[in-house]
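The values are calculated or read from the model by the stated rules, or taken from the named source; none is laboratory data. Because the structure is a prediction, the values reported are computed rather than measured. Positions of Cβ are backbone-derived with ideal geometry, glycine not excepted, and every protein chain shown enters the neighbour counts. Quick note on the areas: whole protein, heavy atoms, side chains included, nothing else; ligands and nucleic acids left out. Shrake-Rupley method; radii C 1.70, N 1.55, O 1.52, S 1.80 Å.
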Amino acid sequence: MASTSRGESLALPKVHCPNHPDALLVEDYRAGDMICPECGLVVGDRVIDVGSEWRTFSNEKALKDPSRVGDAQNPLLNGGDLTTMISRGTGAASFDEFGNSKYQNRRTMSSSDRAMLNAFKEISTMADRINLPRNIVDRTNNLFKQVYEQKSLKGRANDAIASACLYIACRQEGVPRTFKEICAVSRISKKEIGRCFKLILKALETSVDLITTGDFMSRFCSNLGLPKQVQMAATFIARKAVELDLVPGRSPISVAAAAIYMASQASAEKKTQKEIGDIAGVADVTIRQSYRLIYPRAAELFPPDFKFDTPVDKLPQL
């Protein structure tokens, strides 16, 4: 039998083992029993489980958690986005005598929060299209919130600001994307994103690291389906060309594209200028211009252990 000790009139009853009053009871959640660990006496049965009726497994923690009611709290919105959205009514009680809905969701969220929420959705959509991880999305959201609250870019479209913030976040996280890649997943022109990019850096008083040929080399080669040997050779060629100052004033993307073209032409996995240009986002003529600058000293640019399928003197002269 279980004995229940009562203190004051307002105190809750305490269940304990009559033989071991100080023992901490163990709850058997499956059977609903309270068991004494000292003697094994079942002190209480049919105990109500007040915990969650769902289980969340380790690989589902980042996804929707059914044990919590409501949406996740968003610290980027005022009030943590702890709002209630009322669904559209269908019955007669949901409308007034003039046919207008009695419940308006617009009143529950400020215009600034609505604008930020729409921008966050656009950022998430753009990031999904180019397979960017969650940490870049979070950094982009924070950058957009800072710019929006400062109101330093008033008059600029929120989509343009969001695209520029995504470009900056990629640069700051060490996985830079080109302006053309950002343009491809947004509705904003390259010129407008470039303007917003400069204004945001000035407004936030922040900076980004200079991009190099190595930032794009592995991604471009992977998208072209080139083997590791060609990728390493292209990386070596681009770095050597910069060290020898053969490509002054050329963008790292065009230098990387020209290095990939040279390395692929010297190997068995040959790629055309158009194939490389489509992946790198540069024109064929741009690749040719950079290639002409590094071709005269091509023999010095290849790594010593590179296995040539086409000798250096047989490489195309553009």
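Shape class for the stretch 120-173, computed from the alpha carbon gyration tensor (a ≥ b ≥ c): prolate, with a/c not under 1.5 and a/b above b/c.
Only lysines eight or more places from K240 in sequence, or on another chain, were considered; none has a Cα closer than 17 Å. Each Cα pair under 8 Å and six or more residues apart adds its sequence gap; the mean of these over the residue count of the stretch 111-204 is a relative contact order of 31 percent.
Shape class of the stretch 262-304 from the Cα gyration tensor (axes a ≥ b ≥ c, square roots of the eigenvalues): oblate, since a/c reaches 1.5 or more and a/b does not exceed b/c.
Label sites at A203 and A283, each approximated as a point 7 angstrom past Cα along Cα to Cβ, lie 3.2 nm apart. Take each peptide in 227-239, 139-151, 201-213, count the other Cβ atoms within 10 Å of every residue, and average; sorted highest first, the result is 227-239, 139-151, 201-213. Applying the Karplus relation 6.51 cos²θ - 1.76 cosθ + 1.60 with θ = phi - 60° to the stretch 135-152 yields 3J(HN,Hα) values of 5, 6, 4, 4, 5, 4, 4, 5, 4, 5, 4, 4, 5, 5, 6, 6, 6, 7 Hz, where x marks Gly and Pro.
A Cβ-based charge dipole, computed about the Cα centre of the stretch 111-204 with Lys and Arg at +1 and Asp and Glu at -1, lands at about 360 debye. When a/c reaches 1.5 or more, the comparison of a/b and b/c decides; with that in mind, is the stretch 112-201 rounded, prolate or oblate per its Cα gyration tensor? Rounded.
Using the 1.4 Å probe convention, the accessible area of the stretch 213-314 works out to 47 Å² per residue with neighbouring protein chains retained.
Amide H to amide H, with H built 1.01 Å from N, V43 comes under 5 Å of M34, I35, C36, counting only residues 5 or more places away or on other chains. How much of the accessible area of the stretch 138-288, probe 1.4 Å, is carbon plus sulfur, in whole percent? Ligands and nucleic acids excluded, carbon and sulfur give 49 percent. Take every pair of alpha-carbon atoms less than 8 Å apart whose residues are at least six positions apart; their mean separation over the length of the stretch 161-257 yields a relative contact order of 26 percent.
Phi-derived couplings, Karplus 6.51 cos²θ - 1.76 cosθ + 1.60 at θ = phi - 60°, listed residue by residue for the stretch 153-161: 10, 5, x, 8, 5, 4, 5, 5, 5 Hz, with x used for Gly and Pro. Taking a straight line from the alpha carbon of K145, these lysines sit under 23 Å away, with near neighbours fewer than eight places off in the same chain left out: K121, K154, K190, K191, K198, K202. Normalising the average separation of contacting C-alpha pairs (under 8 angstrom, six or more residues apart) by the number of residues puts the relative contact order of the stretch 213-314 at 32 percent. Computed from the C-alpha gyration tensor, the three semi-axes of the ellipsoid equivalent to the stretch 213-314 are 17, 16, 12 Å, from longest to shortest. Could you tell me the center-to-center distance, by alpha carbons, between the stretch 129-192 and the stretch 255-318 in angstrom? With the stretch 129-192 and the stretch 255-318 each reduced to a Cα centre, they are spaced 32 Å.
Here the simple spin-label model places points 7 Å from the Cα toward Cβ, and for A268 and L244 these points are separated by 2.7 nm.
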